[in-house]
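The values are calculated or read from the model by the stated rules, or taken from the named source; none is laboratory data. Every value quoted in this text rests on a predicted model; they were computed, and no experiment measured them. Positions of Cβ are backbone-derived with ideal geometry, glycine not excepted, and every protein chain shown enters the neighbour counts.
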Amino acid sequence: MSAMGQTIDFKSTKHDYGTIKEDDGMAYHNFEFKNNGKAPLIIKKVEASCGCTTPEWPKSPIAPGQTGSIKVGYNPAGRPNKFSKTITVHSNAAATTTVLQITGFVSPHVKTLDEIYRHQLGDLRFIQTHLSMGKTVLGKTHTDTLKFMNKGMIEARVEVTQANNQQFVQFRVEPEAVKPNELGRIVVTYDPDKRNDWGFVHDRFWITVNGARQQNQISVSATIEEDFASLTPEQQANAPVAEFSTTSYNFGDSHPEGELVKYDFVLTNRGKDNLIIHKVKPSCGCTSVMPEKSVLKKGESTVIKAQFRTNGYSGKQSKSITVITNDPKHTSTVLRITGSVVK
């Protein structure tokens with residue numbers, strides 16, 4: 001009993017919810033208490049350790065000998081796995097604060113097929129409509145799969161239409177005919193050698209269902225690189241080394257709009273074998289680059305002339321140029337042009 005004569009005695013200050021489902025909504029528990037003192041008990045406020053926990057408590061004084069409860073709700077939505085939260089009770093009892101604790105485990109939401117296959121192309125629903133092949137090395141084909149579900153009322157015969165005879169990627173649809181509410185897949189085989197490009201590439205393809213082209217497309221991307229894993233120690237020692245004079249250029253904080261920004265990035269081969277510049281790609285059409293040479297012998301240099309057309313731009317700008325070479329340690333180097341354009 002406190003000097004003032006009021007107490008707040010809980011039956012328990014801890015509660016384990018056990019396992020609750022993420023889909024079941026708020027989980028509640030009442031922490032029951034009694035005022036075993038001789039003066040009224042006043043609960044001033046109750047604070048939760050996070051917004052996922054919502055306490056409710058009596059606002060009127062609790063007379064001596066009377067009981068009450070603090071209702072605690074926990075919201076499991078979007079919070080799978082174990083949890084442990086505290087609720088601090090402030091009162092006029094001798095022990096002015098009491099800490100309550102709730103624990104438990106939230107079993108995650110189990111997605112429905114409609115939630116899994118959420119990208120719609122006509123009557124087809126895909127898990128995803130973009131397939132990233134990631135790093136694809138020359139000399140090897142790479143295979144991955146796009147999965148779909150037929151949500152139409154009739155059997156679906158699915159084909160992938162390739163534009164401009166794009167032979168670097170092959171599609172195989174399994175099964176040939178997909179019945180309503182059944183699953184199918186598109187097996188994608190990617191040949192980077194036939195793509196005839198370097199670095200990040202992105203291509204789109206049309207889907208036809210029963211001969212009708214769908215409004216949206218699927219896409220396949222890849223980052224095409226040489227396979228340096230098989231290099232011998234001797235080949236690695238003799239490999240080319242791409243060294244830039246700098247990888248960034250700042251054209252200042254007050255460059256007039258409409259005036260061309262020019263800068264020469266110098267690239268030198270510090271290795272032994274020939275350095276080959278496979279590709280120089282600017283980040284946008286407003287930037288152009290003109291490498292003077294594409295093959296550099298040992299110790300030889302070249303200039304990559306970069307130009308940024310500032311027409312129509314204002315404020316801070318950041319443009320990039322990606323240079324892809326046969327340097328096995330630095331196959332891709334990003335050059336940056338930054339600054340501010342003023343009108």
Take I218 and tell me if it is in contact with a Pro (Cβ under 6 Å, 6 or more places away or on another chain) and surrounded by 13 or more Cβ atoms within 10 Å (Cβ to Cβ).
no
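Matching residues to (1) outside any strand (DSSP E or B); (2) under 30 Å from F148 (Cα atoms):
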residue: V187; (1), (2): no, yes
residue: I207; (1), (2): no, yes
residue: I218; (1), (2): no, yes
residue: D253; (1), (2): yes, no
residue: V280; (1), (2): no, no
residue: C284; (1), (2): yes, no
Among the β-branched types (V, I, T) and touching a Ser or Thr at 6+ places or on another chain (Cβ under 8 Å) - does that describe any residue in the range 44-57?
yes
I'd like to check something: does the range 323-331 contain any residue that is part of a loop (DSSP other than H, G, I, E, B), out of contact with any Phe, Trp or Tyr (no Cβ under 7 Å at 6 or more places or on another chain) and among the hydrophobic types (A, V, I, L, M, F, W, C)?
no
Identify the residue in the range 3-45 that is small (G, A, S) and surrounded by 13 or more Cβ atoms within 10 Å (Cβ to Cβ) and, among all such residues, is modelled with the lowest pLDDT.
G5
Look at S314 and say whether it is closer than 20 Å to I224 by Cβ, surrounded by fewer than 17 Cβ atoms within 10 Å (Cβ to Cβ) and polar (S, T, N, Q).
no
Could you check the range 23-43 and list, in sequence order, the residues that are of a type in the set (K, R) and touching a strand residue (DSSP E or B) at 6+ places or on another chain (Cβ under 8 Å)?
K34
Collect the residues in the range 50-100 that are in contact (Cβ under 8 Å) with a residue 60 or more places away in the chain, loosely packed, with under 15 Cβ neighbours inside 10 Å and within 18 Å of N30 (Cβ to Cβ), keeping them in residue-number order.
V99
Would you mind telling me which numbered condition in (1) surrounded by fewer than 18 Cβ atoms within 10 Å (Cβ to Cβ); (2) over 26 Å from V201 (Cα atoms); (3) in contact with an Asp or Glu (Cβ under 8 Å, 6 or more places away or on another chain) V303 fails?
(2)
Among the residues of the range 8-17, is there at least one that is touching a residue at least 40 places away in the same chain (Cβ under 8 Å) and among the acidic types (D, E)?
yes
Could you figure out which of (1) at pLDDT below 95; (2) under 30 Å from the mean Cα position of the chain (by Cα); (3) closer than 30 Å to I43 by Cβ; (4) of a type in the set (V, I, T) isn't true of T161?
(3)
Output the residue which, of all residues in the range 15-50 that are hydroxyl-bearing (S, T, Y) and touching a Gly at 6+ places or on another chain (Cβ under 9 Å), is nearest to K82 (Cα to Cα).
T19
Could you count how many residues in the range 286-322 are in a loop (DSSP other than H, G, I, E, B) and hydrophobic (A, V, I, L, M, F, W, C)?
1
Residues of the range 332-343 that turn out to be farther than 24 Å from V137 by Cα and assigned to a strand (DSSP E or B), as a count
7
Residues (touching a residue at least 40 places away in the same chain (Cβ under 8 Å) and surrounded by 13 or more Cβ atoms within 10 Å (Cβ to Cβ)) located in the range 227-242:
D227, F228, L231, A239, P240, V241, A242
On the basis of being surrounded by fewer than 19 Cβ atoms within 10 Å (Cβ to Cβ) and either modelled with pLDDT of 95 or more or not in a strand (DSSP E or B) (or both), does K272 make the cut?
yes
I'd like to check something: does the range 47-56 contain any residue that is more than 40 Å from the chain's Cα centre (by Cα) and not aromatic (F, W, Y)?
no
The range 244-269, subset of a type in the set (S, T, Y) and exposed (fewer than 15 other Cβ atoms within 10 Å of the Cβ), residue farthest from F200 (Cα to Cα)
S254
